[in-house]
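Here's the structure we're looking at; comments come further down.
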Amino acid sequence: SIMALAELGAEVGSDVPFCVLGGTAMVEGRGERIRRLPNMPDCVFVICKPDFSVSTPELYQKIDTVAIADRPDNRAMEAAILAGDLAKVAENVCNVFDPVVTSDHLELNYIKSVCHSYGALAQQMTGSGSAIFAIMDSFEYAAVVCNMLKENYPRVFIGKPVSF
C-alpha cells in the first residue's frame, strides 16, 4: 500500500513519505506527521536550480548563530490553502534559511528579482537551497521568466501543482 511505502520511505529520509504521498499537505516534525490539505490553488511554478548546492548540515549549524526575523505562519498558510486563495498562499511563503543562504550567494537575489519583475506572486528558496521557486498566475509570464533565466542557468523548469 502507499502508506506502507511511505513508512518504509521514512527510514530513507525525512522528505520521502511526503514525496510518496504527494499532493498538498501540512508536514510537521521530521516529516513523519503528514496531514493532507485540499489541492493547491491553480497556478504556475517556475523553478530555477543554480549550479551550486548548499550543505544542509552546515546550514543548520550556521542558522543557530543568527537571529531569525521571519518565521512561517503555518496556520495562515493552511487557511489560505483551505480558502483556495492564491494571493494569500503567496503572502505566506516563508523560508527561515533564505536570508542566510542568499547572503552568501547573491545570485539567488538576481533569480528572485527576474521572477518578481514578471509578476511572480512569491519567489523563495526551496528547503535549504539552492533552488528558487516562483508562484505565478500566468503561464505566459512564467514562460518569459523561464526563457530569461535559461540564458544563465541550464536547469529552469515550469510546473503546475499536482492534484491527488
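Every number in this text was worked out from the coordinates using simple rules, so none of it is lab data. Model, not experiment: these values are computed from the prediction. Positions of Cβ are generated from backbone atoms using ideal geometry, with glycine treated the same way; all protein chains shown enter the neighbour counts.
So if each residue of separation counts as 0.36 nm, and I subtract the Cα-Cα distance between SER103 and SER14, what length gain in nm does that give?
Numbers: separation 89, 0.36 × 89 = 32.04 nm, distance 2.65 nm.
The SER103-SER14 span can extend by a further 29.4 nm.
At a Cα cut-off below 16 Å, give the aspartates and glutamates reachable from LYS88, other chains included and same-chain residues fewer than 8 away excluded.
ASP42, ASP73, GLU78, ASP137
What order, most packed first, do the peptides 11-24, 92-105 have when packing is the mean number of other Cβ atoms within 10 Å of each residue? Let's see the in-between values first.
Details: 11-24: 14.8, 92-105: 16.9.
The peptides rank, most packed first, as 92-105, 11-24.
Hey, fewest Cβ within 10 Å first, where do LYS150, LYS112 land in order? Display every interim value, and only then the final one.
On the way: LYS150 13, LYS112 21.
Exposure proxy ranking, most exposed first: LYS150, LYS112.
Among the lysines, which fall within straight-line cross-link reach of LYS49, defined as a Cα-Cα distance under 24 Å, with same-chain neighbours fewer than 8 residues apart omitted?
Excluding near neighbours in sequence, the set is LYS62, LYS112, LYS150, LYS160.
To make sure I understand, if each residue's beta carbon is the centre and we count other beta carbons within 10 Å, what order do ASP64, ASP85 fall in, fewest to most? Working shown, then result.
Numbers: ASP64 7, ASP85 14.
Listing ASP64, ASP85 from fewest to most nearby Cβ atoms yields ASP64, ASP85.
Give the long-range amide H neighbours of ALA122: residues separated by 5 or more places, or on another chain, with amide H under 5 Å away, using H modelled in the peptide plane at 1.01 Å from N.
Under 5 Å from the amide H of ALA122: ILE135.
Provide, for q = 0.11, 0.23 Å⁻¹, the log10 of I(q)/I(0) from a solvent-free Debye sum over equal Cα point scatterers in segment 1-72.
For the requested q values the scattering log ratios are -0.43, -1.13.
May I ask you to give the average projected area over all directions of the convex hull of the Cα atoms of the chain, in nm² rounded to one decimal?
The orientation-averaged projected area of the Cα hull of the chain comes to 9.9 nm².
Fewest Cβ neighbours within 10 Å first, please rank TYR60, TYR118 accordingly.
Ranked by crowding around the Cβ, least crowded first: TYR60, TYR118.
Would you give the gap between the C-alpha center of segment 16-69 and the C-alpha center of segment 93-154, rounded to a whole Å?
15
Would you calculate a helix-derived [θ] at 222 nm for the chain, using -39,500 (n - 2.57) for each DSSP H run of n ≥ 4 and dividing by the full residue count, to the nearest 500?
-11500 deg cm²/dmol
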